[in-house]
Structures are given as structure tokens and as C-alpha cells.
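Beneath this line is the structure, given in C-alpha cells, with notes to follow.
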């Protein structure tokens, strides 16, 4: 009985608004349910479910509370129970809350007798129906919004009007309402703001206000968001009457921005009518949209904006958003323009920009960076996110309040490119979140020539954003004020909730895919309408002139003023004879280079360390620097083993990596290691993050306990995305040269799903955009019988893309090794021992410039007893060894050596074992080429000259059409002036990288090892 008293004290009757709230939790298709009052109260158990969502237990408790004290429940429940006990027939015991202006006391007196108001149930049903109607507009109103500027398309690809949206009085019947109900007053639920300060409205006005909020030029998708506060925030922004009001000054600013956006495109069309430029015609409101987002974000404290976009509208954005000098843009159209350096290797609508300026609306400094990108659609998305994350990290902006990203998309690409989905799924991960991105879709309602119905299966191109509960604001791009309002809301959303948001600018493409394309071939009806379409600037100007906001003369003066600016810039552009790509850098590194963009030196100091420092780092690596922290028993043995190695002055692969990272951290270099399962390491060798075995989610990262003033170490397991995560890390590495950023593939084989980032950004980035990048790719590689999916990192692909000339024998100078690195597009290595891996990682930072580094890392060598290094190989004065020569018996009697076997990586250990088994240690030299590219011409030449009587063999475990052979052979031949053949020992050509059969794998290994040491038989065979 005490429990009933407690419950009764907090229970309230189910009102119409509460019932609607229950309905709102049932999904989009929920329809009003009729109240089912209890049929009998002869016993509490006989109570049936009462009112939508109310269980019999609920009513039972209410009933017991009422029996004990009728005043302990609400008056409406009191009336209900009195009527039910008096024998009221089904459907009549419940009395609705009073109409507006009627007190509960009056209602109780008027309805104290059963049957006093026979239509009470109808009244309740009508209130529920109205609340369901309101919810229907909130969920599906966007489907009937007037989004297409052309008036011929359905933005959601469906011309049907949802059944529950009221488009005529006939549809009232869906809710059980009649035309006579239109003038009845209904109480509004707390889940709507259409009433403003009013709590009730006539049905006719309710429908009108819902149409104004959800069915005009803005369509809002948000009801899938599972956070009530966020939904209420959005409802308030769009439902409250009179929210979309602009001051005279705001309208005039908007018009000025529309003038600049439109007249810029018209100027380019007049001057270079036969040039591709991927103009913005048909979506000119994109420029004021972006400027509005930036203005509002600046007002909210943002001082840095990183942007990424496709080629459509890029020149306009550069000119009118980033505010790049117009003459620098116009001179790009000069076919006689010469390049000042190799960086002009891409077209003008792919280039980036970095500019710090005053935001004229807020009078605050703001830095705008537009990231350069290729034509590969949406590929720049994760790069922008990574760069944004880095800028936030280095500025201490842990909440994203000062640094933000804006991503622009095309409609077909947004729906079609999987990288969009991968990037969205990074948005809330702790080590990858940028605390909200504003996505702006230039929705052309067409791909290149492909109709949307053939390009996507979802209603909207933006539906992919729903997976992260991002609100989506569709807006008719021919209504600049609607665009401006939506962009203000989007920027406020990002500032308030720090989550992604999408603005879908439904527009059209006036000139086809580019200015040279003929769209009438494939979309004749659409482009007939476009030819008739009045430009958005003209329409908006006429609107403001009609309102009296501007005069026609003022409007014409604005146009003439901007046209003059363009003409003067065009005249200045003719004086530009040379393109200086430094004007187009999106990631300048102040202080890293000299003023003319050159490295401060072409040299590299020793990468070795004092023994005491190696020992100190080793102690951290073999301990748990946190008290009362319980680690796994197996890990205790691993840490003990590390301690024993330190005592013996040796390191394995994991410890060599630890020492490289740890030493850089102590020198103030931030290290970030990212990828799938990198914290432990795919092969359970790294263990950079320790987990307490007794406390959930309690972790320890010993490397962050190296020294008091060290830089932070970030090691983070990534989502199962190679494309997205590698792009992210590439962007992170762009932000600063003073950081070591590494991405590790779970297996090297899997990098091919990130091939776009490798091919378009990492390999040619400096050649296209003069953008150096020091990212490191760690790719586990090695033929170990694990099948074709877990063996090869495809070294042949990386080597094929190297820019050194196989037929050119370079002149050897004192700084040849570093000069080679400076001239190459990337560095490719396959280290065979931990010390060399240690050195190449440290060299990556100690070099006076930055190049991408590709490392084919081992699997079996992680625990190979011979794959260990001594401290002596890592002390001051030591360096990375590009080639490791054979310093054993062959070096004592070089004239007796009959064969030099060149190799790289793991195969070295199999070759030495086989040589020993065959007792050929005096006659066969085995030389390891650790740095494959740039090719060590000087050291290979010295090695061949040291053994003048030796045949030359290249041995690899990969198949002949794969691996290193096609890269190494011509360069070795050039080195020796083609005086000798270079024989091959390895697997036969094959389509797959490796066999999946263990016996076949071992048989192949035996055969090519036999070839390497029995070359005469091989020669006879060929």
C-alpha cells in the first residue's frame, strides 16, 4: 500500500499532448489510436490497457491509489473511476480535459453523471489527430516543399504527396477530421513552436503555419534524430512564426554578394568563352551561403576554416570567399604562362589557397584554407578532416570552437562515392572527430549526364548523412534569403552541438557539366526550361527593388563597380609572365623553408642516439609507469623480455620502433600512429596501449611518460576504413612539418582500397601542388604462406610510380644520398633489421624537407631470432644504411666470390640459411638493398666493383611480374653500364600475389632458392 501511495503522488493522467508524445516514439507511420477505456473495474486485474501506451499495471496502481484516497489522483482520473464504478458502458467513462477556457472544476460538475457529454471521445480523438498531423508535417513536410527552382523536378524523386500531409480538405478524413473542424481551436503540444506565444490555434491556422514552416522553399529532415533537445532546437528555428526576417542591411549585403557571385561568372564567360572553368551558373547562391556560414561561425568564435570542394564553382569560391587576388586567377587562363617551378602541374580549378584576412561582418581575423584536390570526387573529404583535426590539436582547440571544416559536395558524388560514408563515420570517433562539419551540397539534380533516378536509390542524395543523425536542410537555391537563413541555422547548429549538419542547395547547372558540354543531348526538357529560367540575381534584385530595399540605380552601380574591379584585375593579369605556385599553397609551413621556398640545407645529421638515452627509452618500454595497474600475464612476459634485451644491448623490431618514436617525442616532435589495431599491433608485437585487467576502459600509454617536457604521443585504432583513414592522416600531416604521422595497414595488401589517396595525393602531391608531406605508410609485407590476401603490399605499384630515371647514371657527389631524397617524389624502403628501421624513422624528421615514406614492414621478422640489432648500430655517428653489404667471408676474399645475390627484406634470412646449408659462404655474397627508391646507384656500383668476378642475381620471394625485379633490373644494368646480365631468382609470373596452399608455398620457396645458388642450371634452362 505504501508503494501505491508513492506512485500515486507522481502519476498524472494521459492528456492529448502526452499521447501525441507517445505517438512520436512509434516511428513515421504512426497513426492516431482510439482510447480504449477500462471495460470493468470489478477487480483491478480485469483492467485493460488504457490510453495509448498506458499499461494495465499503470492503471491498476492508479486505481489502488484512488481507492485509498480519491484526492491523490488528478480530478479527471477521479471522474473516470467514479463513472466506471457507477457502471458506465465502454467508451463513456473517460472524460477529456476541458476545452479552452473551461476549468476542471466546472468540467467535473458538468460531467459528474455518466453520459453527460456523449462526444467526449470524439473530442479526445480530434486532439490526438491534430497532434499526429503536426508530427506528420515535421517528419514528411519536406517531401512537398517547393525545392526545385525549375519547378519540374521532385528533389526526393517522388511526385506523390504523403497521405498524411493535408493538401486539401478531402485529406482531413485521414485523421477522422471534417471540414467543419477547420475553425475549431486545438491545444498545441509541447513538441511544436508554431503557436509562438499562443498555446492553442484553430486547425486552419495550424495547417497554414505548418505549411509555412515545412513546405515552402525549405525542407527540413530531422525527426530521425534520437535526441529530444536537438529536435526541439530545430523545431524552434523553423516553426516559430516570423523567424525568417532580415534587416535592410542584411538584404543589401546579400544582394552585393549575389552580384559578385554572378558577375564573376559572367566576366569569365565573356573573356574566355572557350575555356573550361566549371562555373557556378545556376547555383550562384552558393557564395553568399558559404560567406553566411563563415560570418556566423566567426561570430561564434571560429578563427580558422578548412574547406574542401569539387571543381564546380572553385574559382568563384577562391575569388569571392577566400578572396584570392583576381589577377592571380585570371592569369591562369593565359596559355603562354610559364611555370616558376614544377608545381603548376594541375589545372586551375584543382588548386588550393591559404589566406588570413579580416571578416568584414564581425571585424575579426579569420584564416581560410581551401585544400587542393584532384578530380576524384569526394576524395578530399577525409584530407580536410585530418587537416582540421591537426589544426585543432596544435592550437589546443579540444572542442572545435576555434577551428572548423566546411565540405562542399556535388549531389551525384555525395550519394555515389563511398568515401562520403567513410568520412561521416569518422565524425564522432575520439581520435578523428573535428567536432562538427558543415556540409554544403550543390544539388544540380543531375550527374554528368546521368539522371538522379539512375544514380541513386535513396530519395535524396543527402540521405547518407542520416547515419550520424546529422540534420539535413534542403533549400531552394533560387531563394537567397531562404539559403541565408538555413546557413545561419547550420552554423549555429555546429556551434551549439558540435555535430555535422548538411545544407542541400537544390539548384541547376545552366551550362552542363562544363562550358564545352552540350547537355541537350541527354536532358532536353530540363535544359529547355533552364534556357527560359530567369537568373537568381535578377529575380532577387527585382524583389528588393519592389520592396524598396534598394533602388534600381543602386543595383546598377553595384554591378558596374564589380565589373570595373574585374576589368582592372584582368589588365594586371597580363603582366604575369610566370606562375608562382606559392600563391596557391593551402598549407604553408612558416619558418621551415627559406624565403624562396628552398630547404635550409641539403644534409642530414646522424640519426643515432647516446646509449644512456636508448637505455632510458627501453626502460619505459619494458615497464608500467602507473601505480596499481594490473596488466595481462602474457604482457608481463613481453615486458620482461624487453627488459632483458635492454640489459643485453639489443632490440627487436618493436623495441627499435619504440626507441625511434620515444626519442622524437623527447625532442618535441609529436608522433601520431593511426590505423586498424595499431595500439596492440596486428601481430601482437607493439603493445603501446596497456589495459588494466581489473578496471574497464582504464588504459596506460607508457610512451607519454617518457620525460616531463616531451611532445604528446597519439596512438589510435581506426575504423575499418583504409581510404578514409589514410586520407585523414595525410591531411593531418599537411598541417605541420614538425610531426611524425604514420598510418599502418592491418596487412599491406589492404592499402589498395586507399589507392586513390596514394595515387592522387601522396605520390604526385608535390609535383601537382608543391605541397610537401612527410606521411609514413607502414605496410606489413612478406610471403609466408598466408594466401594472396595477406602476403603482398604490392611493392611493384609504389616502385612504378617513382620518378627516378632507370636509364640515367647520376653523377655521384658528397651529398648524393640526401640530394636524391630531395629530388624524389617519395621514399620506398624495406628494412631487414630493427636498427635500420629506427634510423629511417628518425631520418624522416631530421631531414630538412619532407617526403612521403613507404615502409614494407615485416611479419615473421617481428620475432625472428636473427632479426635483432645491437646498440652499437644505433649510437651517435650511425645512419640509415641504404645498402647493407656482406661483411662476412666474401668480403675477405672478394676475388673468389662467384655470385652476388642482391635482395631486400625478409628473404635475406632465408638466403643466408640456404647458403650455409650449401656450404657456399665463401663463394656467394648476399647484399641487401634497404632503400629501393631513390635507387642507391653509388652503393650498388661500389658493391659490383668490389666483386669483379661475380655474376649478378636479383632474388625476391615475390612473383616475377610483381615485387621489385622490374624496377631494380634496369637500374642495376645502368649502374654497371650494361656490362653484365642481371639474373632473376624468384617465383614465376602469376596473377595472384601468393598461393593459399602451404605446401605449394614451400615448394616455390625451395625452387627459387635452388635457382639463386645453382645459377648454371638456371642459365641452361633459359
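May I ask you to derive the FRET efficiency for residue 531 and residue 275 from their Cβ-Cβ distance with R0 = 25 Å, giving the value to the nearest 0.05? E(calc), rounded to 0.05, equals 0.70. Enclosing the Cα atoms of the chain in their convex hull gives a volume equal to 224 cubic angstrom per residue.
Helix 248-271: angle to the longest alpha-carbon principal axis of the chain, degrees 0 to 90, nearest 10? Approximately 40 degrees, to the nearest 10. When only alpha carbons of the stretch 306-427 are considered, Rg and Dmax amount to 15.7, 48 Å. When you work out D = kT/(6 pi eta Rh) for the stretch 248-584 at 4 °C and 1.567 mPa s, using the Kirkwood radius from C-alpha pairs as Rh and the Stokes-Einstein form, the result is 63 µm²/s. Per the Debye formula on identical point scatterers at the alpha carbon atoms of the stretch 714-804, with no solvent, log10 I(q)/I(0) at q = 0.12, 0.22, 0.23 Å⁻¹ is -0.38, -1.19, -1.27. As a length-normalised measure over Cα pairs under 8 Å and 6 or more apart, the relative contact order of the chain settles at 9 percent.
Indicate the gyration tensor shape class of the stretch 256-303 (rounded, prolate or oblate), computed on the Cα atoms with a ≥ b ≥ c the square roots of the eigenvalues: a/c under 1.5 is rounded; otherwise a/b larger than b/c is prolate and the rest oblate.
Numbers: a/c = 3.38, a/b = 2.82, b/c = 1.20.
Prolate.
Between the Cα long axis of helix 965-975 and the first principal axis of the chain there is an angle of about 40°, rounded to the nearest 10.
For a label point 7 angstrom out from the Cα of residue 809 toward its Cβ, which stretches of the stretch 963-999 have the backbone nitrogen within less than 19 Å? Counting backbone N atoms under 19 Å from the label point, the list is 968-983. Note on 607, 979, 944: ascending count of other Cβ atoms within 10 Å places them as 979, 944, 607, the fewest first.
Using the 10 angstrom Cβ neighbour count as an exposure proxy, how do 566, 700 rank, fewest first? If you can, show how the numbers build up before the last one.
Numbers: 566 20, 700 16.
Lowest to highest Cβ neighbour count: 700, 566.
The modelled label-to-label distance between residue 990 and residue 816, using points 7 Å beyond Cα along the C-beta direction, is 3.7 nm.
Binning the C-alpha pair distances of the stretch 891-1021 at 5 Å intervals from 0 yields a P(r) profile of 2, 10, 21, 24, 21, 13, 6, 2, 0 %, listed from the shortest bin outward. Axis angle, to the nearest 10 degrees, between helix 633-647 and the longest C-alpha principal axis of the chain: 40 degrees.
Evaluate 2.2 N^0.38 Å with N set to the residue count of the stretch 424-513, then give the Cα radius of gyration divided by it.
On the way: Rg = 14.3 Å, N = 90, 2.2 N^0.38 = 12.2 Å.
Relative to the 2.2 N^0.38 Å estimate, the stretch 424-513 comes out at 1.18.
Ranked by the mean number of other Cβ atoms within 10 Å of their residues, highest first, the peptides 265-272, 298-305 come out as 298-305, 265-272.
Taken along its three principal axes, the alpha carbon spread of the stretch 474-626 comes to 81, 50, 41 Å, from the longest extent down to the shortest. Its Cα gyration tensor gives the stretch 901-976 an equivalent ellipsoid. The semi-axes, each the square root of 5 times an eigenvalue, are 20, 17, 10 Å from largest down.
Here the residues 753, 190, 857, ranked from fewest to most Cβ neighbours within 10 Å of their Cβ, fall in the order 190, 753, 857. Helical runs assigned H by DSSP (4 residues or longer) give the chain a calculated mean residue ellipticity at 222 nm of -11500 deg cm²/dmol, each run adding -39500 (n - 2.57) before division by the residue total. For the listed peptides 627-634, 953-960, a ranking on the average number of other beta carbons within 10 Å per residue, highest first, reads 953-960, 627-634.
Calculated on C-alpha atoms, the gyration radius of the stretch 123-239 divided by its Kirkwood radius gives an Rg/Rh of 0.96. Each peptide in 320-327, 660-667, 556-563 receives the mean, over its residues, of other Cβ atoms within 10 Å, and ordering these scores from highest gives 660-667, 320-327, 556-563. When DSSP beta bridges are restricted to pairs lying wholly in the chain, around 25% turn out antiparallel.
Nearest 0.05, what FRET efficiency do residue 363 and residue 190 give at R0 = 30 Å with Cβ-Cβ as r? Computed FRET efficiency for residue 363 and residue 190: 0.15. Here the stretch 504-569 yields Rg over Rh of 1.10, to two decimals, using C-alpha coordinates and the Kirkwood radius. With no solvent and one point per C-alpha, what does the Debye sum give as log10 I(q)/I(0) for the stretch 728-880 at q = 0.08, 0.16, 0.21 Å⁻¹? Reported log10 I(q)/I(0), two decimals: -0.24, -0.99, -1.48. Reported to the nearest whole Å, the Cα centre-to-centre distance from the stretch 187-247 to the stretch 409-441 is 28.
We did not get these values from a lab; they are worked out from the coordinates using the rules stated. What you see is a predicted model; the values in this text were computed from it and never measured. Backbone-built Cβ (ideal geometry, glycine too); neighbour counts: all protein chains shown.
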